[in-house]
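*Asks:* Just dropping this structure here.
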Amino acid sequence: MLVKTYGSAVFGIDATTITIEVNISIGINFILVVLPDSAVKESQQRIKAAMKNNNYKYPGKELTINMAPADIRKEGSTFDLPIAIGILAASEQVLTDQLEDFLILGELSLDGNLKPMKGILPIALQAKKEGYKGLIVPLENASEAAIVQGLKVYGMSCLKEVVDFFNGDESFLPTEVPSFDSSNFQADNSVDFSDVKGQMAIKRAFEIAASGGHNVILIGPPGAGKSMLAKRLPTILPPMTIDEALETTKIHSVAGKISKEAGLVTQRPFRKPHHTISDVALVGGGGYPQPGEISLAHNGVLFLDELPEYKRTVLEVMRQPLEDRQVTISRAKFTVDYPAGFMLIAAMNPCPCGYFNHPEKECLCGPGNVQKYLNKISGPLLDRIDLHVEVTPVSYDELSSKEGELGSAQIRERVIAARLVQENRFKSDSTVHCNAQMSSQQIREFCSLNDASAEILKVAMNKMGLSARAYDRILKVARTIADLENFRDIEVKHMAEAIQFRSLDREGWAS
Ligand SMILES: Nc1ncnc2c1ncn2[C@@H]1O[C@H](COP(=O)(O)OP(=O)(O)O)[C@@H](O)[C@H]1O
Ligand SMILES: [Mg+2]
Ligand SMILES: [Zn+2]
């Protein structure tokens, strides 16, 4: 008898349905298995053991298994369950009438238990798109699959339960579908900008950064509050939309980072990889490619604390993704893309000892060493950072002050308003959402200057010795500052404020 079951393979962050055909013809007493991938071949051993240990008969007749499409890599072990159910159905131990309604997914252990797997969300989304009634998944993955509305998701713990289900046992209930309200998609509220005393200028810089989606570097001595400030950036970003949440969750799903209870990722990610991180762990890759930290930060924030400590190669591999907002991983036979649209926030000391330009303490490094330290991150990476922010420690008086501080909710309100202005501006271009993402052409179109603003920019370029590369950065930031006030034109005051954020471009900053 010929039976079909349906599984799924994930490629990048999208899934493809795989049809599994199992055929058993009577009479000939040997087994022939046609399986496309060595990993899938290994699953035959597990399936056999799981079936025997649960007192099902493994057919001793000619058994043929085909998987289509043939040209797609079917790595991994998630085909154990659909193959096992296919064999059981072809040998008349499982009823076939519901098999065409479900995608079946899961790895079997030898005793027949189901193990959780990666990439369930993209599979569930694909199942919905293709009109399947539902999914059979390992219990641990049920809440993640149930994110997708309109699918019946059955979380199962072992092979026997799945067999009983298809044989008509009606005691299994689909996983409750949670309802999502994106107005609740707030950031982690255990931290808030009101925790930060004083630092009004820095809070203002963060407001601008969050509004325009600009990358930021914080430069200042140890203890100035750089790490504290960076951690609070997500609290002033607009809440994620449902689409953003789904996209971010897909990446976390493929990386196997969704906890059993969590389901949808509703908070913007804040990823803070340690400076010992490898290239692959940061941007993604590996034999069976996996998304890296920059993709896990998609729609959120990537924080690189103590930037000069990172290996130079690590910083180099980030350049392309910073530009493209996605990362492409190429292998001999295929390439995969992972989204990587994140806000970069970096922090560093101004010099090895940390006290260069400090109001009270003395720097012991010597000018040569200061420059050498800065050169570690110079050039291409710095080129992609719009805002250079110098952080000086607050005074004791400010630290001990009892006054109420400007908090995240207030800042976020203004950020959201400025984002609305930008949404309107970029309505016709679905790839650009905020000012930081403007192409050179869009900069020419949307950042035209009146004579007065053009003049102060020119003076600043000359007087401060700003490089040509600073020019576009300043225009983008000035645009955002004008948007915060809902001004159509970039005025002198907007320009003047934007110019302050290029301290690292200043010729001789550290000499
Ligand atoms: N403006 C501030 N308001 C409140 N606490 C501060 C402020 N600046 C620094 N601190 C305190 O100092 C600690 C060290 O700051 P941190 O963010 O680690 O500094 P950095 O990263 O610049 O070395 C913080 O955890 C916080 O307790
Ligand atoms: Mg720090
Ligand atoms: Zn120093």
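Nothing in this text is a laboratory measurement; each read-out follows from the coordinates by a stated rule. These figures come from a predicted structure and were not determined experimentally. Ideal geometry is used to build each Cβ from the backbone, glycine not excepted, and the neighbour counts take in all protein chains shown.
*Asks:* So for the pair residue 77, residue 45, with labels modelled 7 Å out along Cα→Cβ, what separation do we get in nm?
*Replies:* 1.1 nm
*Asks:* Something else about it: Have a look at 307, 276, 391 and report the one farthest towards the positive end of the charge dipole of segment 184-433, computed about the Cα centre with Cβ charges (Lys/Arg +1, Asp/Glu -1).
*Replies:* 276
*Asks:* Given R₀ = 25 Å, what would the calculated FRET efficiency be for residue 188 paired with residue 413, taking r from the Cβ atoms and rounding to 0.05? Can you show the working numbers first?
*Replies:* On the way: r = 18 Å, r/R0 = 0.72.
Efficiency computed from Cβ-Cβ geometry: 0.85.
*Asks:* How would you classify the chain from its alpha-carbon gyration tensor, with a ≥ b ≥ c the square roots of the eigenvalues: rounded for a/c under 1.5, else prolate if a/b is greater than b/c, otherwise oblate? Can you show the working numbers first?
*Replies:* Numbers: a/c = 2.60, a/b = 2.40, b/c = 1.08.
Verdict is prolate for the chain.
*Asks:* Separate question: Points 7 angstrom from Cα along the Cβ direction at residue 405 and residue 62: gap in nanometres?
*Replies:* Each label point lies 7 Å from its Cα, and together they span 7.7 nm.
*Asks:* Assigning unit charges at the beta carbon (Lys, Arg +1; Asp, Glu -1) and nothing else, what dipole magnitude in debye, to the nearest 20, does segment 184-433 show about its Cα centre?
*Replies:* Details: 28 positive and 29 negative charges, 99 e Å.
Taking the Cα centre of segment 184-433 as origin, the dipole is about 480 debye.
*Asks:* Which FRET efficiency value, to the nearest 0.05, do you get for residue 371 and residue 312 by plugging their Cβ-Cβ distance into 1/(1 + (r/R0)^6) with R0 = 25 Å? Working shown, then result.
*Replies:* On the way: r = 16 Å, r/R0 = 0.64.
So, using R0 = 25 Å, E works out to roughly 0.95.
*Asks:* If you don't mind, there's one more thing I want to ask. Within 10 Å of each candidate Cβ there may be at most 11 other Cβ atoms; applying that plus a DSSP loop requirement, which GluC sites (Glu not before Pro) in segment 386-424 survive?
*Replies:* Working: sites: 390, 398, 403, 405, 413, 423; in loops: 403, 405.
Here the sparse-neighbourhood loop sites are 403.
*Asks:* Show the residues, 5+ positions off or on another chain, whose built amide H is closer than 5 Å to the amide H of residue 297.
*Replies:* none
*Asks:* Now for a different question. Let me make sure I get this right: for segment 184-433, a, b and c are the square roots of the gyration tensor eigenvalues over alpha carbons, sorted descending. Under 1.5 in a/c it's rounded, otherwise prolate if a/b > b/c, else oblate. Which is it? Don't jump to the answer; show the numbers that get you there.
*Replies:* Values: a/c = 1.88, a/b = 1.23, b/c = 1.53.
Because a/c hits 1.5 or more and a/b fails to exceed b/c, segment 184-433 counts as oblate.
*Asks:* To the nearest 500 deg cm²/dmol, what mean residue ellipticity at 222 nm is calculated for the chain from DSSP H runs of n ≥ 4 alone, each contributing -39,500 (n - 2.57), summed and divided by the residues?
*Replies:* So the helix-based figure for the chain works out to -10000 deg cm²/dmol.
*Asks:* Report the net charge of residues surrounding residue 221, where surrounding means a beta-carbon distance below 15 angstrom and charges are Lys +1, Arg +1, Asp -1, Glu -1.
*Replies:* Numbers: positive: 226, 361; negative: 305, 306, 360, 362, 390.
Taking every other residue near residue 221 into account, the sum is -3.
*Asks:* Okay, moving on. Treating the angle as unsigned and between 0 and 90°, give the value, to the nearest 10°, between the Cα long axis of helix 38-53 and the longest Cα principal axis of the chain.
*Replies:* The angle comes out at about 50 degrees.
*Asks:* Counting other C-beta atoms within 10 Å, which of 99, 135, 282 has the fewest, and how do the rest follow? Numbers along the way, then the final one.
*Replies:* Details: 99 18, 135 28, 282 25.
Ordered by Cβ neighbours within 10 Å, fewest first: 99, 282, 135.
*Asks:* Can you tell me how much longer the chain between residue 97 and residue 201 gets when fully stretched, taken as 0.36 nm per residue apart minus their C-alpha distance, in nm with one decimal? Don't skip to the end; give the middle numbers.
*Replies:* Numbers: separation 104, 0.36 × 104 = 37.44 nm, distance 6.70 nm.
Computed gain between residue 97 and residue 201 is 30.7 nm.
*Asks:* Can you list residues from other chains, or at least 5 along the same chain, whose modelled amide H is less than 5 Å from the amide H of residue 285?
*Replies:* Close amide H contacts, sequence-distant or interchain: 290, 292.
*Asks:* Something else about it: Have a look at segment 290-448 and give its Rg and Dmax from the Cα atoms, expressed in angstrom.
*Replies:* In order Rg, Dmax, the Cα atoms of segment 290-448 give 19.6, 63 Å.
*Asks:* What number, in percent, do you get for the relative contact order of the chain if the mean sequence gap of Cα pairs under 8 Å and at least 6 apart is divided by its residue count?
*Replies:* Values: 1005 pairs, mean separation 66.2, N = 511.
Dividing the mean separation by the residue count of the chain yields 13 percent.
*Asks:* Taking loop as defined by DSSP and a crowding limit of 10 other beta carbons within 10 Å, which GluC sites (Glu not before Pro) in segment 276-365 fit? Provide the component values of the computation, followed by the final result.
*Replies:* Details: sites: 293, 306, 309, 316, 323, 360, 362; in loops: 306, 360, 362.
Here the GluC sites (Glu not before Pro) that fit, given the DSSP loop and packing criteria, are 360, 362.
*Asks:* For segment 105-130 and segment 320-387, what is the centre-to-centre distance using only Cα atoms, to the nearest Å?
*Replies:* Answer, in whole Å: 39.
*Asks:* From the square roots a ≥ b ≥ c of the eigenvalues of the alpha-carbon gyration tensor of segment 396-462, which class results: rounded (a/c under 1.5), prolate (a/b over b/c), or oblate? Intermediate values should be presented prior to the final figure.
*Replies:* Working: a/c = 3.38, a/b = 1.45, b/c = 2.32.
Cα axes put segment 396-462 in the oblate bin.
*Asks:* For the chain, with only Lys/Arg (+1) and Asp/Glu (-1) charged at the beta-carbon, what is the dipole magnitude about the Cα centre, in debye rounded to 20? Walk me through the intermediate numbers first.
*Replies:* Numbers: 55 positive and 63 negative charges, 200 e Å.
For this selection, approximately 960 debye.
*Asks:* Now, a different point. Quote to one decimal, in nm, the extra length available between residue 456 and residue 427 on full extension: 0.36 nm per residue of separation minus the C-alpha distance between them. Let's see the in-between values first.
*Replies:* Numbers: separation 29, 0.36 × 29 = 10.44 nm, distance 3.08 nm.
Stretched fully, the residue 456-residue 427 segment lengthens by 7.4 nm.
*Asks:* Further question: Give the calculated FRET efficiency between residue 173 and residue 280 to the nearest 0.05, with a Förster radius of 51 Å applied to their Cβ-Cβ distance. Can you show the working numbers first?
*Replies:* On the way: r = 42 Å, r/R0 = 0.82.
For residue 173 and residue 280, the calculated efficiency is 0.75.
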